[in-house]
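The values are calculated or read from the model by the stated rules, or taken from the named source; none is laboratory data. Remember, it's a predicted structure, so these values are computed and weren't measured experimentally. Virtual Cβ from ideal backbone geometry, glycine too; neighbours counted across all protein chains shown. Side chains are part of the model used for accessible areas, which takes the heavy atoms of the whole protein and leaves out ligands, DNA and RNA. Shrake-Rupley method; radii C 1.70, N 1.55, O 1.52, S 1.80 Å.
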Amino acid sequence: MYLIVATDRNWAIGKDGGLLVSNPADMKYFRETTMGKTVVMGRKTLETFPGGKPLKDRVNIVITRNKNFCREGVVTAHSREDVLKLVQDLPEDQVFIIGGEQIYRMFLNDCSRAYVTRMRQTFPADTWFPNLDEDPSWELWEESEEVECQGVTFTFCVYRKK
């Protein structure tokens, strides 16, 4: 499995249930990277999408403790083990963990690559992603040139598990 996330300079990922900043270039990168794949998210992440609807042209797996949760276009899972069973026959590059914080932490050790949009600024935040630069089991593998979009400077990074 892979994961994809956008972080600020301090590895923050969200505030008040939403993204830190709207970044059209990052949204395009996310869409292009995950299109046609299986995406795994928590229920709260699903609810941040327009109309609370799943992402188009992807298999959407949603993890929730609510046994009665049902949403059109969504495969429901209730545990990490449920998700691992659902994706066990898929190639690792066909499955992306897309958030939120609890889901990233739940699956980080199951992932072999992390696609991280690293913003150079810091933003007010209440949720964070683990700092991969300080984790000895991860290494920065690729990094794009710096990009600027709507006043936000960032790079697209790929980390891989050692």
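Any idea which residue in segment 95-111 is most open to solvent (accessible area, probe 1.4 Å), counting only those that are assigned to a helix (DSSP H, G or I) and among the hydrophobic types (A, V, I, L, M, F, W, C)?
Filtering segment 95-111 down to residues assigned to a helix (DSSP H, G or I) leaves 101-110.
Then drop every residue that is not among the hydrophobic types (A, V, I, L, M, F, W, C), which leaves 103, 106-108.
On the way: ILE103: 14, MET106: 73, PHE107: 0, LEU108: 15 Å².
Among residues in segment 95-111 that are assigned to a helix (DSSP H, G or I) and among the hydrophobic types (A, V, I, L, M, F, W, C), the one most open to solvent (accessible area, probe 1.4 Å) is MET106.
Among the residues of segment 48-60, what is the count of those that are open to solvent by 40 Å² or more (accessible area, probe 1.4 Å) and outside any strand (DSSP E or B)? Lay out the reasoning, then the answer.
To start, the set of residues in segment 48-60 that are open to solvent by 40 Å² or more (accessible area, probe 1.4 Å) comprises 48, 50-51, 53, 56-57, 59.
From what's left, outside any strand (DSSP E or B): 48, 50-51, 53, 56-57.
Qualifying residue count for the region: 6.
Note on segment 19-46: residues that are surrounded by fewer than 14 Cβ atoms within 10 Å (Cβ to Cβ) and of a type in the set (Asp, Glu) total 1. Return the residues of segment 127-146 that are closer than 29 Å to LYS44 by Cα and of a type in the set (Gly, Ala, Ser); say none if nothing qualifies. Listed by number, the list holds a single entry, SER137.
Taking PRO130 as meeting all but one of (1) farther than 14 Å from LEU3 by Cβ; (2) assigned to a loop (DSSP other than H, G, I, E, B); (3) out of contact with any strand residue (DSSP E or B) (no Cβ under 8 Å at 6 or more places or on another chain), write down the number of the exception. Of everything listed in (1) farther than 14 Å from LEU3 by Cβ; (2) assigned to a loop (DSSP other than H, G, I, E, B); (3) out of contact with any strand residue (DSSP E or B) (no Cβ under 8 Å at 6 or more places or on another chain), PRO130 misses just condition (1).
The rows are residues; the columns are (1) of a type in the set (Asp, Glu); (2) in a strand (DSSP E or B); (3) over 23 Å from LEU20 (Cβ atoms).
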{"position": "ARG31", "(1), (2), (3)": "no, no, no"}
{"position": "GLY36", "(1), (2), (3)": "no, no, yes"}
{"position": "VAL39", "(1), (2), (3)": "no, yes, no"}
{"position": "LEU46", "(1), (2), (3)": "no, no, no"}
{"position": "VAL62", "(1), (2), (3)": "no, yes, no"}
{"position": "PHE69", "(1), (2), (3)": "no, no, yes"}
{"position": "VAL75", "(1), (2), (3)": "no, yes, yes"}
{"position": "VAL83", "(1), (2), (3)": "no, no, yes"}
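Determine, yes or no, whether VAL5 is open to solvent by less than 50 Å² (accessible area, probe 1.4 Å), part of a loop (DSSP other than H, G, I, E, B) and within 30 Å of THR153 (Cβ to Cβ). Considered against the rule, which asks whether it is open to solvent by less than 50 Å² (accessible area, probe 1.4 Å), part of a loop (DSSP other than H, G, I, E, B) and within 30 Å of THR153 (Cβ to Cβ), VAL5 comes out as no.
Taking segment 1-54 as the range and being in contact (Cβ under 8 Å) with a residue 40 or more places away in the chain and polar (S, T, N, Q) as the test, the residues that pass are THR7, ASN10, SER22, ASN23, THR33, THR34, THR38, THR45. Take the conditions (1) in contact (Cβ under 8 Å) with a residue 24 or more places away in the chain; (2) open to solvent by less than 60 Å² (accessible area, probe 1.4 Å); (3) under 14 Å from the mean Cα position of the chain (by Cα); VAL74 misses just one of them, which is (3). Looking across segment 17-51, just one residue is modelled with pLDDT of 95 or more and on the phi > 0 side of the Ramachandran plot, and that is GLY36. Residues that are surrounded by 13 or more Cβ atoms within 10 Å (Cβ to Cβ), within 12 Å of MET106 (Cα to Cα) and either aromatic (Phe, Trp, Tyr) or out of contact with any strand residue (DSSP E or B) (no Cβ under 6 Å at 6 or more places or on another chain) (or both) within segment 77-94 comprise ARG80, LEU84, listed in sequence order.
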